[in-house]
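Peer 1: Please read through the structure below; I'll follow up with questions.
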Amino acid sequence: MNTSLNPSLRLYEPLWRIRLRNTWKSLQDNWVLFAENKIGLVGLAIILFYALLAALHPILIATVWDEKIYDPFIGNDPRIYNHPSPPSQDHLLGTDPMGRDILSQLMYSTRNEFVLGFLAAAITVTIATSIGAMAAYFGKWVDTIFMRIADLMNILPFIALLVVLSAFVRMNMWTLALVIGVLSGFGGATIIFKAQALTIMVKPYIEAARIAGGSHWHIIFYHIVPNLMPLAFLNMMFTVTGAIFTEAALSFFGLLNIRVSWGIMIYTTQAAGYMLRSIEYWYLIFPAGLSITLLCTAFYLIGRAMDSVVNPRLRRR
Amino acid sequence: MNNTLLALKDLTVEYKTRKGYVSAIDGVSFDLQYGESMGLVGESGCGKTSIAMSLLRLMPENAIVRRGEILLDGQNILQMDERQVREMRWARISMVFQAAMNALNPVYRVGDQITEAMHQHRGDLPPLQARARVEELFQLVGIDAKMIDRYPHEFSGGMRQRAVIAMALACSPSLIIADEPTTALDVIVQDQVLRELRRIQAQLNMSMIYISHDIAVIAEVAKKIGVMYAGRMVELAASGDIFHTPRHPYTAALMSAFPSIKGPKTRLVALPGEPPDLLYPPQGCRFHPRCSRASEICQKQTPPFETIQPNHWVACWNPLEARA
Amino acid sequence: MNTPDSPLIKVENLSLYFPVGSSFFQRSKSHIHAVDEISFSIPLGRSLALVGESGCGKTSTGKLLTRLVDPTGGHIYLRGKDGSLADLAALKGDELKRFRRRVQMIFQDPYESLNPRLTIFDTVAEPLLVQGLGSLGEREEMVARLLEQVGLTPASSFLFRFPHELSGGQRQRVAIARALVVRPDFVVADEPTSMLDVSIRTGVMNLMMELADQLGLSYLYITHDLAVARYTSHELAVMYMGKIVEHGETEEVLANPLHPYTQALISAVPAPDPAYQRPAPAIRGGISKPIDPAPRCRFYERCLRAAQTAGGDPVCRENDHPRLEDKGGGHFAACYKV
Ligand SMILES: Nc1ncnc2c1ncn2[C@@H]1O[C@H](COP(=O)(O)OP(=O)(O)OP(=O)(O)O)[C@@H](O)[C@H]1O
Ligand SMILES: Nc1ncnc2c1ncn2[C@@H]1O[C@H](COP(=O)(O)OP(=O)(O)O)[C@@H](O)[C@H]1O
Ligand code: SF4
Ligand code: SF4
Ligand SMILES: [Mg+2]
Ligand SMILES: [Mg+2]
């Protein structure tokens with residue numbers, strides 16, 4: 001047996017750098033798989049477009065757009081007498097019944113939509129992975145309790161529940177994200193994650209970890225949860241879609257304490273009585289409506305494309 | 001008299017993958033006579049199943065036949081049209097698939113599944129006649145005829161495997177290919193299945209290609225053995241010759257790595273290294289990185305698959321001496 | 001060193017029953033006797049192979065010895081540093097965690113036994129991490145050294161790869177390294193080579209034997225392959241339906257099997273010699289599940305020896321399962337007719 005210490009045994013590179021490189025490499029590999037699916041790229045392009053819109057808004061306000069005219073809440077163009085006004089040179093998408101620039105509103109709202117979507121999704125996934133993993137790992141009464149809660153959440157109509165809830169508390173973007181996150185985190189998503197966690201639970205490496213002396217928490221958070229991550233990303237995409245849609249629906253009924261969002265833009269149109277009046281007022285509804293549809297679709301497409309990265313069976317060879 | 005049932009000539013098949021071409025079968029040639037049983041032995045991934053699938057024209061979509069022909073009674077299987085392939089499959093060549101016993105459909109009676117297979121490949125039989133045929137088949141593979149109307153879960157592993165063999169025999173093929181049919185079975189059950197297979201093969205004078213990674217199992221069922229390594233056939237000879245005078249270094253290495261419960265307990269010699277990734281097969285002889293007899297030519301040129309003595313083929317530049 | 005009075009591990013009347021057909025509302029009355037009152041001991045530095053057909057209770061025995069499952073009954077004693085025997089079956093909490101350093105396991109399927117999201121370093125270092133052994137630097141060095149010892153050289157080119165980048169044989173070497181990193185003295189190896197190809201299997205088998213010699217390890221080597229057992233163990237125990245039916249020196253058992261089941265098992269092994277006509281094994285019927293087995297020899301239904309007497313041998317028919325008895329020279333068998 002060779003007892004002299006081989007020089008290669010010392011690592012001259014710090015651990016974090018190796019890990020960073022590994023992560024980078026796996027990102028690259030996954031990107032290749034993702035990019036093979038054209039619908040994912042379409043989704044990504046749409047999202048980038050909207051991200052650009054959101055980022056441009058403060059810049060435009062600071063540079064070319066006069067704040068008095070273009071402010072998304074209180075702006076008004078004194079040069080125009082009749083609002084709403086159709087698209088023109090100054091107002092590319094026209095103005096709303098209260099005289100505010102529609103493009104400015106649209107761009108400003110985009111940021112809110114992103115924040116809402118991602119926050120809700122992050123909360124959902126955090127809750128659902130932890131609970132799914134715990135329910136699968138501990139089984140018995142832990143499982144029973146969480147699964148009954150999930151069933152309950154599934155039975156209750158989601159939107160109706162939010163409608164009732166908003167009668168008691170006026171929700172803003174943040175509280176809405178929290179509520180959606182918690183409701184869907186404890187609901188259907190948990191069941192999906194638990195099912196996945198169960199397939200991980202029976203792998204011998206879990207037994208190996210127990211034999212090594214790993215605690216319950218070690219096993220749950222070192223082994224089970226990381227293996228749920230691909231599914232978590234996938235699920236996030238679909239949750240974002242759901243959250244944006246929910247916000248639009250609640251805003252449309254005027255149940256949210258939000259000053260401006262795509263949903264609110266449609267609500268304003270409706271409240272002012274321009275809804276379905278004539279095709280002439282298309283610019284009041286169309287931009288916001290299309291944006292909701294597009295952004296939701298985009299996240300959905302990304303989810304579908306990710307599915308083929310996460311699910312090797314769907315992959316082309 | 002021409003007694004050749006099957007002739008493979010220089011068969012070369014690749015699989016197209018995202019990373020490139022997998023060279024799964026490379027220039028494999030052999031003949032099989034009527035009534036002859038042949039064994040194909042080799043490690044997993046060396047191309048055994050690929051050969052079997054090519055014989056049945058069941059290659060996956062990404063398979064590309066680069067060269068070669070497969071002659072069944074002189075007719076090239078690779079050039080048959082759809083109708084001919086359908087007529088050839090099951091009726092002339094049938095197969096017991098790897099892990100086939102798990103492929104029985106759990107919700108149908110076993111007898112019905114066999115009848116269904118017969119219908120598909122032979123057209124409709126009158127029900128009574130079909131039933132009689134299934135009973136005959138059950139008897140042939142040694143299952144009680146009472147089991148015909150039972151479901152797969154009521155069969156033990158060995159019985160399931162026999163039922164699958166019965167299904168393969170349904171249309172009296174002239175060649176049956178058995179791909180690792182006993183790998184998932186316990187030794188005692190394996191012994192029973194092997195005995196049945198041997199008996200049936202002799203009784204029906206059927207040709208058989210028996211695929212396994214276990215040379216001991218092959219030794220028991222096959223009269224001649226083809227040894228595969230990394231997509232190529234490296235040695236082909238009568239079973240006795242393969243066991244007693246292996247000429248290819250890989251065959252010899254396999255023998256000395258194989259543990260046995262009989263005879264003196266000699267130290268097992270491990271082969272260094274691992275079989276190559278067939279995406280990037282080594283130049284020249286594919287065994288050269290692991291071969292103790294490798295010389296310079298081995299790294300550059302593929303050794304031809306040639307007769308070294310009557311009925312003994314080897315692909316090696318420096319074959320072992322025939323022991324006296 | 002291998003005097004019979006210094007066993008490393010000693011098992012007494014160990015059982016594991018699983019309820020069958022139980023549900024939330026109804027407690028089951030039937031049980032599978034996966035492991036049924038088995039007793040054996042393994043001397044220091046020696047290895048025992050456990051062989052038998054699928055479902056006979058080999059893995060269950062292994063899981064009992066590693067405390068992955070709690071026994072239904074019986075005792076498992078492990079020899080302490082001072083030579084005293086401590087009952088493992090009662091260990092809890094921190095004691096159990098410390099015990100984990102001494103008993104490790106290697107699993108059958110190298111494709112499933114490594115977490116696909118962890119690097120080789122993380123996998124092998126995991127036992128050190130959870131046991132709180134060594135600093136990060138020390139762990140790195142320990143792992144690297146061990147990887148070289150199990151033949152993954154140079155270690156630096158393996159440390160930060162992922163399991164899917166390794167072949168089956170290499171993965172199994174990683175699994176061996178993980179089991180050995182805490183320097184256990186007893187390792188349960190559950191079919192560690194059955195998924196590997198011949199040309200690689202021998203290498204892994206030889207490695208395991210070398211490591212046992214170097215580190216003074218004992219294995220419980222679980223396998224269904226008698227030939228593998230012959231090359232990996234000093235002693236051999238044959239299991240049938242949860243019972244050990246024969247136990248002795250490996251070569252002795254293989255050369256002179258006493259129990260009719262062992263005899264059948266040995267004669268069913270294909271002979272790597274085309275000229276040899278192997279006689280059919282003397283056995284009938286097939287294996288069934290040990291659900292509430294009748295209180296008689298578990299092998300009775302399949303035993304041709306008992307069937308020689310018309311209507312079945314009365315001794316075998318009337319009596320409970322035979323005890324595992326020394327039939328001379330440390331060769332144990334559980335059969336009335338030996
Ligand atoms: N968790 C479980 N619940 C119920 N029955 C079980 C469980 N685990 C094992 N068994 C049963 O216990 C018996 C012994 O199983 P075990 O896994 O120990 O067999 P084994 O000898 O390792 O078999 P193999 O060679 O197939 O691995 C079998 O009848 C099996 O079906
Ligand atoms: N459909 C496929 N696509 C790509 N590669 C394949 C496919 N099927 C088999 N292979 C590869 O071809 C080689 C031979 O495979 P196979 O014939 O199944 O081997 P064996 O039956 O000897 O185990 C292996 O490297 C395997 O990974
Ligand atoms: S050709 Fe050369 S490398 Fe190949 S088996 Fe023969 S001696 Fe070895
Ligand atoms: S005790 Fe009787 S039934 Fe059991 S193995 Fe011995 S002879 Fe057979
Ligand atoms: Mg195969
Ligand atoms: Mg097992």
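The values are calculated or read from the model by the stated rules, or taken from the named source; none is laboratory data. It should be emphasised that the depicted structure is a prediction, and the values quoted were computed from it without experimental measurement. Because the Cβ atoms are built from the backbone with ideal geometry, glycine has one as well, and the counts that use them run over all protein chains shown.
Peer 1: When C:Lys289 is evaluated against the numbered criteria (1) more than 16 Å from ligand 6 (Cβ to nearest atom); (2) modelled with pLDDT under 90, which criterion, by number, is the only one it fails?
Peer 2: With (1) more than 16 Å from ligand 6 (Cβ to nearest atom); (2) modelled with pLDDT under 90 applied to C:Lys289, the lone miss is (1).
Peer 1: Another one. Answer yes or no: is there a residue in the range A:259-271 that is surrounded by 18 or more Cβ atoms within 10 Å (Cβ to Cβ), touching a strand residue (DSSP E or B) at 6+ places or on another chain (Cβ under 6 Å) and outside any helix (DSSP H, G or I).
Peer 2: No; the residues of the range A:259-271 include none that is surrounded by 18 or more Cβ atoms within 10 Å (Cβ to Cβ), touching a strand residue (DSSP E or B) at 6+ places or on another chain (Cβ under 6 Å) and outside any helix (DSSP H, G or I).
Peer 1: Which one of the conditions (1) buried (at least 17 other Cβ atoms within 10 Å of the Cβ); (2) in contact with a strand residue (DSSP E or B) (Cβ under 7 Å, 6 or more places away or on another chain) does B:Asn76 fail to meet, given that it meets all the rest?
Peer 2: Against the list (1) buried (at least 17 other Cβ atoms within 10 Å of the Cβ); (2) in contact with a strand residue (DSSP E or B) (Cβ under 7 Å, 6 or more places away or on another chain), B:Asn76 comes up short only on (1).
Peer 1: Right, next: Can you find even one residue in the range B:237-248 that is of a type in the set (Ser, Thr, Tyr) and assigned to a helix (DSSP H, G or I)?
Peer 2: Yes - at least one qualifying residue is present in the range B:237-248.
Peer 1: Still on this structure, please answer the following. Out of the range B:254-275, which residues are farther than 22 Å from B:Leu320 by Cα and either exposed (fewer than 15 other Cβ atoms within 10 Å of the Cβ) or out of contact with any helix residue (DSSP H, G or I) (no Cβ under 7 Å at 6 or more places or on another chain) (or both)?
Peer 2: Once the filter is applied, which keeps residues that are farther than 22 Å from B:Leu320 by Cα and either exposed (fewer than 15 other Cβ atoms within 10 Å of the Cβ) or out of contact with any helix residue (DSSP H, G or I) (no Cβ under 7 Å at 6 or more places or on another chain) (or both), the range B:254-275 yields B:Lys262, B:Gly263, B:Pro264, B:Lys265.
Peer 1: Here's something else I'd like to know. Could you look through the range C:144-168, keep only residues that are facing chain A (nearest Cβ under 7 Å) and more than 28 Å from A:Thr199 (Cβ to Cβ), and pick out the one that is surrounded by the fewest Cβ atoms within 10 Å (Cβ to Cβ)?
Peer 2: C:Pro154
Peer 1: Mind listing just one residue for me: the one in the range C:48-84 that is away from every other protein chain (no Cβ under 13 Å) and in a loop (DSSP other than H, G, I, E, B) and, of those, nearest to ligand 1 (Cβ to nearest atom)?
Peer 2: The extreme case among them is C:Gly57.
Peer 1: Within the range B:231-245, take every residue that is surrounded by 24 or more Cβ atoms within 10 Å (Cβ to Cβ) and within 12 Å of another protein chain (Cβ to nearest Cβ) and give me the one that is farthest from ligand 2 (Cβ to nearest atom).
Peer 2: It comes out as B:Ala237.
Peer 1: What number of residues in the range C:90-133 are touching a residue at least 60 places away in the same chain (Cβ under 8 Å), more than 8 Å from every other protein chain (Cβ to nearest Cβ) and under 25 Å from C:Lys10 (Cα atoms)?
Peer 2: 2
Peer 1: Within the range C:221-236, can you find the residues that are assigned to a loop (DSSP other than H, G, I, E, B) and either over 15 Å from C:Met208 (Cβ atoms) or within 16 Å of ligand 4 (Cβ to nearest atom) (or both)?
Peer 2: Matches in the range C:221-236: C:His224 only.
Peer 1: Starting from the range B:39-60, take each residue that is in contact (Cβ under 8 Å) with a residue 12 or more places away in the chain and within 14 Å of chain C (Cβ to nearest Cβ) and list its partners that are part of a helix (DSSP H, G or I) and more than 16 Å from ligand 3 (Cβ to nearest atom), counting only C-beta distances under 7 angstrom and pairs at least six apart or across chains.
Peer 2: Listed by first residue and then by second, the contacts come to B:Gly39/B:Ile218; B:Gly39/B:Val221; B:Val41/B:Ile215; B:Val41/B:Ile218; B:Gly42/B:Lys48; B:Glu43/C:Val198.
Peer 1: Right, next: Of the numbered conditions (1) facing chain A (nearest Cβ under 9 Å); (2) assigned to a helix (DSSP H, G or I), C:Val182 satisfies every one except a single condition; which is it?
Peer 2: Here C:Val182 meets the rest and fails (2).
Peer 1: Output the residue which, of all residues in the range C:196-220 that are of a type in the set (D, E, K, R) and outside any loop (DSSP other than H, G, I, E, B), is nearest to ligand 3 (Cβ to nearest atom).
Peer 2: Only one residue tops the list, namely C:Arg201.
Peer 1: Say whether the condition of being more than 16 Å from ligand 1 (Cβ to nearest atom) and free of Cβ contacts under 8 Å to residues at least 40 places away in the same chain is met by at least one residue in the range B:228-241. Lay out the reasoning, then the answer.
Peer 2: The first filter runs over the range B:228-241 and keeps only residues more than 16 Å from ligand 1 (Cβ to nearest atom), leaving B:228-241.
Going one step further and asking which of them are free of Cβ contacts under 8 Å to residues at least 40 places away in the same chain, we end up with B:240.
Yes, there is a match, as at least one residue in the range B:228-241 is more than 16 Å from ligand 1 (Cβ to nearest atom) and free of Cβ contacts under 8 Å to residues at least 40 places away in the same chain.
Peer 1: Here is a further query. For the range C:121-143: of the residues being in a helix (DSSP H, G or I) and of a type in the set (Gly, Ala, Ser), which is surrounded by the most Cβ atoms within 10 Å (Cβ to Cβ)?
Peer 2: By that ranking, first place goes to C:Ala125.
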